[in-house]
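The values are calculated or read from the model by the stated rules, or taken from the named source; none is laboratory data. Here the structure is a predicted model, which means the values were calculated and not measured. All Cβ positions, even for glycine, are placed from backbone atoms using ideal geometry, and neighbour counts span all protein chains on display.
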Amino acid sequence: MGPAPVYQVQTSSKGPEMTRLNVPDMSCGHCKAAIEKTIRQLDASAEIAFDMEARRVEFTAAADLVQVLEALKAEGYPASVAG
Ligand SMILES: [Cu+2]
């Protein structure tokens, strides 16, 4: 048996790109869950990572960024794209 691959290189050019957002009002697990739910409503298979300390959310979703930002704002978490 050959060695299992340690990691997968992302070579797909059609996949959605990772977006990094600043979400200043995110402060606890409830916020995290609400934000995760909101993004998943736009793309159920979205990949989402949280940095609570930096109040930052990274996600990869097949969804329009403006739609994501509007949905988060409606949920009570206005976000801005992190530079
Ligand atoms: Cu909270």
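Within segment 52-68, the set of residues being part of a helix (DSSP H, G or I) and either in contact (Cβ under 8 Å) with a residue 12 or more places away in the chain or farther than 15 Å from Glu17 by Cβ (or both) comprises Leu65, Gln67, Val68. Sub-6 Å Cβ pairs linking a first residue in segment 31-49 that is hydroxyl-bearing (Ser, Thr, Tyr) to a second residue that is modelled with pLDDT of 95 or more and assigned to a helix (DSSP H, G or I), at least 6 apart or interchain, are Thr38/Ala71; Thr38/Leu72; Thr38/Glu75, ordered by first then second residue.
A count restricted to segment 44-69 and to residues that are touching a strand residue (DSSP E or B) at 6+ places or on another chain (Cβ under 7 Å) and either over 11 Å from Ala79 (Cβ atoms) or more than 16 Å from the ligand (Cβ to nearest atom) (or both) stands at 9. Exactly one residue among Gln8, Gln41 is away from the ligand (no atom under 16 Å from the Cβ) and either at pLDDT below 95 or not in a helix (DSSP H, G or I) (or both), and that residue is Gln8.
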